[in-house]
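Here's the structure, in structure tokens; my notes come after.
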């Protein structure tokens, strides 16, 4: 009876964090089963290179930085393919003339593609062109048109290409529904990254942009809009964090003007907190009744907000702790593990560790030798932390308050997507290949 009670308690905790069923042995969301970067049941390899412990590698078409997800025997990935085919004049989107952009919209068709790979062999199971359109914006040189990761509840696959459509497939690749939610206009035309979040029968999309920013909740079965909460904010690129607290489910979204918690049932704002930087990219994480939110463009910002909070906390409201100096991440999201927050200074190879309860810095911007800058977020499994840089080098360190390097692993393939661990396998999405790494 005691064992059963423990199992029921663990199940309740998982559902409370937005996990559909027992997904601990899968990777259904870009940040893992609990959306905090931790692989619950995995023990991936510590060492590999191009010739060692590569179970398979699958060539990839097009360009994308979206993290793969894994469910049972399938690995799902999205990409965008420049066809090179000149657009028919009638298909060219009208540019926005009232805003400043630093990119140039293409004049050719792009295919927005969803793929499934066999987890055991790396062979492609199915591939669908979800849409073929001419983008209305360009994107940052380090970005792509396929940056939003897919997600699954174990029954259906949910894919967001932002302005180019939202799609739902069954796991065999049959289209269930699709929606066009209109055009996103991003800061300086740097591009989109809308990763959907599934919670029960709700599909959540961060639709923050330069005008008409919002949080959208769709019915996961039909794709119809449940509610749309207007947000007084700008382009943010982060993924909502869903957490149940005291009988109420909160949807927490980072933002330049405010971090906001919305009620999942209605979209109503429960609490909000100021203090982030421009370009709020890191995704919030939550545990133990506290939401942890960071941003790091140009300066440092981090805040730990009690989930019991109400109303506008501004810059001076009561929070668990707040950080305005030091180093916080720009593109990568922080990792929450064992009561510690692990994060980089901006995108640099400088690691900090903070006590999640107090915000006290335990390791302050320690140099990670042999690594370049980061876009990928850190991942933890089996007492180890995996940090993947943009050159394709992965540093494996021990879970600790000190920097203890276990291995440095190099692949000759740039990587911006975050690492994924399931079972004894590690999945890395490079520019050229999707890798499955497993000790032989």
Legend entry - Rounded if a/c under 1.5, otherwise prolate or oblate - the chain, Cα gyration tensor axes: rounded
Legend entry - Coarse-grained scattering of region 246-355 at q = 0.09, 0.14, 0.17, 0.18 Å⁻¹, given as base-10 log I(q)/I(0) from a Debye sum over alpha-carbon atoms: -0.21, -0.50, -0.73, -0.82
Legend entry - Cα radius of gyration and Dmax for region 322-392 (Å): 11.4, 34
Inset, instruction - Using every pair of alpha-carbon atoms in region 59-195, split the distances into 10 Å bins beginning at 0 and state the percent of pairs per bin, rounded to integers. - result: 12, 43, 31, 12, 2, 0
Legend entry - Highest-first arrangement of 121-134, 412-425, where packing means the average Cβ count within 10 Å: 412-425, 121-134
Inset, instruction - Post the alpha-carbon centroid distance, region 198-235 to region 105-136, in whole angstrom. - result: 24
Inset, instruction - Using packing as a proxy for protection, rank 347-357, 51-61 so that the peptide with the highest average count of other Cβ atoms within 10 Å comes first. - result: 347-357, 51-61
Legend entry - Simple spin-label estimate for residue 357 and residue 222 in nanometres, 7 Å along Cα-Cβ: 4.8
Legend entry - Highest average packing first - 217-225, 84-92, 298-306, 30-38, Cβ atoms within 10 Å: 30-38, 298-306, 217-225, 84-92
Inset, instruction - Report the residue, chosen from 388, 243, 100, that carries the largest GNM mean-square fluctuation when the chain is represented by alpha-carbon nodes joined by springs under 10 Å. - result: 100
Inset, instruction - Report the FRET efficiency, 1/(1 + (r/R0)^6), for residue 180 and residue 404, where r is their Cβ-Cβ distance and R0 is 51 Å, rounded to 0.05. - result: 0.55
Legend entry - Percentage relative contact order, region 66-231, counting C-alpha pairs under 8 Å, at least six apart: 18
Inset, instruction - Any chance you could run the full-extension gain for residue 102 through residue 266? It's 0.36 nm times the residue separation minus the Cα-Cα distance, nm to one decimal. - result: 55.4 nm
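Values in this text are rule-based calculations from the coordinates and carry no lab data. Values in this document were obtained by computation on a predicted structure and should not be read as measured data. Note that we place each Cβ from the backbone using ideal geometry, even for glycine, and neighbour counts take in every protein chain shown.
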